[in-house]
Amino acid sequence: MMITEEKFYKNRRNFLKLGAGALVANEAIAEELLKLKELVPSDSEYAFNYVNFYEFSTNKSDCVEYAKKSNLEKRAINIEISGLCENPMTLNDISQFKRVDRVYKLRCVEAWSMNLPWGGFMLKDLIALAKPTKEAKYIKFTSLYDPSIFPDQASSFGVIEYPYVEGLRLDEAMHPLTILATHLYNKPLLAQNGAPIRLVVPWKYGFKYIKSIVKIEFTNTQPISTWQKYNPKEYGFYANVNPNVAHPRWSQARHRVLGSFFKEDTELFNGYEEEVAFLYKDLDLKTNF
Ligand code: MTE
């Protein structure tokens with residue numbers, strides 16, 4: 001990871017004095033720590049062409065071809081916010097939320113990574129508007145279901161079950177690093193990247209970054225995500241990036257950086273340990289993978 005080492009470690013020492021809880025509780029400090037990491041974005045060609053979007057295809061370049069014909073970019077944001085909250089609504093207008101621009105590293109469970117410059121807003125701002133009730137413990141996200149544009153949804157041999165579903169614990173969703181992205185490389189999301197709006201949770205494997213979201217529900221039971229349902233032994237609910245927990249079919253200790261000749265060591269929580277480890281202090285990361 002590209003870090004201005006000296007500056008980062010000097011400041012990190014100061015932040016650590018505040019204690020981990022205080023550290024992330026303070027959004028300004030989270031933003032400051034991110035700036036200090038100074039990731040250099042990968043070549044945008046990777047983000048636009050090396051994509052996973054099973055609704056289109058399991059083949060990365062076919063995804064791009066189908067996406068071009070889908071007109072997904074032209075769809076307005078239209079998310080049903082429901083479940084255990086005081087203010088259920090249909091979300092269309094996101095201009096009310098403060099825009100954030102963040103360069104995060106995306107680490108795919110397939111053991112490759114790229115650094116992506118997202119634009120969007122913090123999910124916690126939407127949660128504050130929806131006002132979850134005391135019973136709400138999780139958030140469930142659902143992707144668009146439209147067999148007229150998604151060939152794998154129309155096929156009777158579809159690879160996974162649709163619509164694509166993901167979930168987060170409410171405290172993970174409220175973390176200032178968790179964003180809903182509408183832009184990538186300063187342009188509105190392309191269809192293949194999950195237009196018009198998708199989730200970004202930088203300390204988790206890429207499959208948590210659910211695309212083309214149409215529904216967000218507050219629940220009191222843990223949602224079962226698409227890949228977890230497909231194969232619970234291989235894909236867990238948490239999906240936190242962890243070099244010490246191997247995928248049953250390959251190691252997660254190292255990964256290929258797209259655009260670089262070299263592999264690099266995978267870091268716990270994808271390098272965001274300082275910011276997020278406190279969320280999991282009571283959790284066995286080996287069994288809750
Ligand atoms: N969301 C939906 N709806 N369908 C998908 O197939 N693939 C996931 C995630 N979100 C996927 C999805 C996976 S496996 C990854 S790695 C990331 O999207 C990839 O995001 P990108 O193609 O924009 O890099």
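Considering only helices (runs of 4 or more DSSP H) fully contained in the stretch 82-182, which possess at least 2 residues that are more than 19 Å from the chain's Cα centre (by Cα)?
Those helices (runs of 4 or more DSSP H) span 123-130, 151-154.
Return the only residue of Ala111, Ala128, Ala136 being of a type in the set (A, V, I, L, M), more than 15 Å from Gly194 (Cβ to Cβ) and within 12 Å of the ligand (Cβ to nearest atom).
Residue meeting the stated conditions: Ala111.
When you go through Tyr185, Tyr205 one by one, which is the residue that is in contact with a Cys (Cβ under 8 Å, 6 or more places away or on another chain) and within 28 Å of Glu273 (Cα to Cα)?
Tyr205
Can you list the strands (runs of 3 or more DSSP E) lying wholly within the stretch 184-285 that have 1 or more residues being closer than 20 Å to Leu106 by Cβ, in the same structural domain as Met114 (by TED's automatic domain parsing) and open to solvent by 30 Å² or more (accessible area, probe 1.4 Å)?
Passing ranges, in order: 254-257, 263-265.
Of all residues in the stretch 137-152, which are closer than 15 Å to Lys211 by Cβ and polar (S, T, N, Q)?
Within the stretch 137-152, Thr142, Ser143 meet the criteria.
(1) more than 19 Å from the chain's Cα centre (by Cα); (2) away from the ligand (no atom under 16 Å from the Cβ): which one isn't true of Leu72, the others all being true?
Answer for Leu72: the failing condition is (2).
For residues that are away from the ligand (no atom under 11 Å from the Cβ) and closer than 14 Å to Thr58 by Cβ, scanning just the stretch 139-160, find the one that is surrounded by the fewest Cβ atoms within 10 Å (Cβ to Cβ).
Out of the qualifying residues, it is Phe157.
Residue-by-condition table, conditions (1) within 24 Å of Glu55 (Cα to Cα); (2) more than 14 Å from the ligand (Cβ to nearest atom):
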position: Lys204; (1), (2): yes, no
position: Thr219; (1), (2): no, yes
position: Asn242; (1), (2): no, yes
position: His255; (1), (2): no, no
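The values are calculated or read from the model by the stated rules, or taken from the named source; none is laboratory data. Computed from a prediction, not measured in an experiment: that's the story for all the values here. Note: ideal-geometry Cβ built from the backbone for every residue, glycine included; neighbour counts use all protein chains shown. For accessibility, only protein heavy atoms count, side chains too; no ligands or nucleic acids. Shrake-Rupley method; radii C 1.70, N 1.55, O 1.52, S 1.80 Å.
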